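Chemist: Submitted below is the structure of interest, expressed as structure tokens.
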Amino acid sequence: MDALAIKHASAMPAPTWGWLKMNDARIDIPAGLARGDVPEVDAPQALFDAAVSFEGAVAELQERLDAARNTTPDTRACVRAVQGAATAPSDAANTDGDLGDLDIPALSSYQERAVRDELAGDVARAFETGIGIDARAYLNFLAGESIVLGTAEGATEQVTVRVAAEADCASAASVDLVAAPESTLDVVLELDGTDDFGGADDAPALIGSTMRIFAGARSRVNVTVYTTALPGTVALDDEGYVLDDGARVTVRHVVLGGGTTATGLAADLRCDTARIDIDTSYLAGGTERRDLAYTVRHRGKKTISNIIANGVLAGTAQKTLRGTIDLVHGCKGSEGTERETVLIASKGVDNKTVPTILCDEDDVAGNHGATIGHVRPDQLFYLMCRGVSEADAEALFLRAKFEDAALTAPSERVRRAVCRLAERAIDDFEEEFA
């Protein structure tokens, strides 16, 4: 394949930070990659037998939403601006001095699009994934066909999907998951590129996944994604969620390796009392690049979201985290929180934390905060007086992140992948950890 560039990936919904040139990302795909092996899927036959299409689940939800829609005319000024209900007349026609409706605001292109989406109430049209449509199209092309899985109502099921990197190859999975009402679904995604490429750690490779997940009424969906890859590998994790009434989704992202990684998630809390909790842990060293993008749109009443991230950056690593909580008109009683903690272990690190809260509703709460710290000179001096060099001190922080990831790994196979990656950065890690 020729070299590709996915432009404007992981873009924030509103260009709030565009003037700082970090509103989106560019993802460069290495040239000359062949298509790799198909992903491994470990799932019971029941998940295939009970599967319904993602489109079918969204269509059924749309029917219920349309039937319950309030038909009272919306007279808000922003709506009148979009509908063109009141337009100031031209000077030639304005013979009576009428200045028109001065309450009609001038909307940005983003505001106009947001109002149109709100009025349409079209779940399928509003659906999005975290990295964006171009990345999703590319990953779908690599995957060839989608894996379609679903739970039966009230069932409890587990599925593991593994995409393994190969030198000079690009491999991807496309997965659709539908959790039926009252069911529980545990999903583990392994983006693993830790196997030895014949000693060529910097050999080009790509691994990725795009997932569409529908969480039915009062269902429980738990998603765990581990990204472990070598410095020459590009890793893409693209996810999109739709949550029905009372659905609970828990997402855990652990990003430990890869020359360039892009992790993106978009969630539509479409119905009342839906909730999503996102817990992200990341590590970057050397010249690695981490890009994380989260967009949560609260549309139902009394919905809750939490975006919690913590990471360690060393060497000359670059990291950008874009977090957007969108409190859409009508989501009364909702609350969204985003918080990040970053430990900067080296002076050459480039860290960007980009929190945004959009709000078009009262009686809601939006919270965000970030704690960004570094190792102080006096702390380094203390360690060095006790025989710990600056490089050894940096390794301590890396070790702590690897150990935590290994201890909380969802399977022995994932734990081994974490240890293989850690061994490349820390001498005798596995022996000491075991």
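The values are calculated or read from the model by the stated rules, or taken from the named source; none is laboratory data. Please read all numbers here as calculations on a predicted model, not as lab measurements. Every residue, glycine among them, receives a Cβ derived from its backbone with ideal geometry; neighbour counts consider all protein chains shown. Ligands, DNA and RNA are excluded from the accessible area calculation, which covers all protein heavy atoms including side chains. Shrake-Rupley method; radii C 1.70, N 1.55, O 1.52, S 1.80 Å.
Chemist: How much FRET efficiency would the formula 1/(1 + (r/R0)^6) give for ALA200 and ASP28, where r is the Cβ-Cβ distance and R0 is 22 Å, rounded to 0.05?
Modeler: 0.70
Chemist: Something else: If Rh is defined by the Kirkwood formula over all Cα pairs and Rg also comes from Cα, what ratio Rg/Rh do you get for the range 12-79?
Modeler: That ratio equals 1.18.
Chemist: Shifting gears a bit: At 1.4 Å probe radius, can you tell me the per residue accessible area of the range 335-422 in Å²?
Modeler: 56 Å²
Chemist: Further, regarding this structure: Using a 10 Å cut-off on Cβ atoms, rank the peptides 59-70, 308-319 from the highest mean neighbour count down. Could you put the intermediate results ahead of the total?
Modeler: Numbers: 59-70: 11.8, 308-319: 20.7.
Final packing ranking: 308-319, 59-70.
Chemist: At a threshold of 8 angstrom on Cα-Cα distance, excluding pairs fewer than six apart, so keeping six or more, what relative contact order does the chain reach in percent?
Modeler: For the chain, the relative contact order is 11 percent.
Chemist: Could I get the Rg over Rh figure for the chain? Both from C-alpha atoms, Rh via Kirkwood, rounded to two places.
Modeler: Values: Rg = 23.5 Å, Rh = 23.0 Å.
Checking Rg against Rh, the ratio lands at 1.02.
Chemist: Which percent of the accessible heavy-atom area of the chain goes to carbon and sulfur, probe 1.4 angstrom?
Modeler: 51 percent
Chemist: Of ASP363, ASP291, ASP201, which is the most mobile in a GNM of the chain whose springs link Cα atoms less than 10 angstrom apart?
Modeler: In this elastic network of the chain, the residue with the biggest mean-square fluctuation among ASP363, ASP291, ASP201 is ASP363.
Chemist: Something else: Equivalent ellipsoid semi-axes for the range 372-432, as square roots of 5 times the alpha carbon gyration tensor eigenvalues: give them largest first, rounded to whole Å.
Modeler: Working: eigenvalues 145, 32, 12 Å².
Those come to 27, 13, 8 Å.
Chemist: Grab the DSSP H runs of the chain that are 4 residues or longer, score each as -39,500 (n - 2.57), total them, divide by all residues and round the 222 nm result to the nearest 500 deg cm²/dmol.
Modeler: Values: 10 runs with 99 residues, N = 434.
The helix-only estimate for the chain comes to -6500 deg cm²/dmol at 222 nm.
Chemist: In addition: Can you tell which of LEU47, LEU283, LEU380 shows the greatest fluctuation in a Gaussian network model of the chain with Cα springs below 10 Å?
Modeler: LEU380
Chemist: Here's another thing I want to ask about it. Return the subset of LYS319/LYS352; LYS21/LYS347; LYS352/LYS401 for which the Cα-Cα distance in this structure is over 18 Å, preserving the input order.
Modeler: Exceeds cut-off: LYS21/LYS347; LYS352/LYS401.
Chemist: Continuing with this model, one more query. Ordered by packing density, taken as the mean number of other Cβ atoms within 10 Å over each peptide's residues, highest first, how do 407-419, 144-156, 246-258 rank?
Modeler: 246-258, 407-419, 144-156
Chemist: To the nearest 20 Debye, how big is the dipole of the chain about its Cα centre, given +1 on the beta carbon of each Lys and Arg and -1 on that of each Asp and Glu?
Modeler: Details: 41 positive and 70 negative charges, 147 e Å.
Taking the Cα centre of the chain as origin, the dipole is about 700 debye.
Chemist: Let me know the charge dipole size of the range 209-256 about its Cα centre in debye, to the nearest 20, where only the beta-carbon of Lys, Arg (+1) and Asp, Glu (-1) is charged. Write down the numbers at each step before the final one.
Modeler: On the way: 5 positive and 5 negative charges, 42 e Å.
For this selection, approximately 200 debye.
Chemist: Specify the angular offset, from 0 to 90 degrees and rounded to the nearest 10, of the alpha carbon long axis of helix 109-120 from the longest principal axis of the alpha carbons in the chain.
Modeler: Helix 109-120 sits roughly 70 degrees off the main axis of the chain.
Chemist: Quick check: the angle from helix 412-425's long axis to the longest principal axis of the chain, C-alpha only, nearest 10 degrees?
Modeler: 70 degrees
Chemist: Find which of ALA309, PHE214, CYS78 sits farthest along the positive direction of the dipole of the chain, computed with +1 on the beta-carbon of Lys and Arg, -1 on that of Asp and Glu, about the Cα centre.
Modeler: Checked the options; the winner is CYS78.
Chemist: What is the projected area of the convex hull of the Cα atoms of the range 309-434, averaged over all directions, in nm²?
Modeler: About 10.4 nm², averaged over all directions.
Chemist: Please give the peptides 203-210, 74-81 ranked by average Cβ packing (other Cβ atoms within 10 Å per residue), highest first, as a rough proxy for protection.
Modeler: Descending packing order for the listed peptides: 203-210, 74-81.
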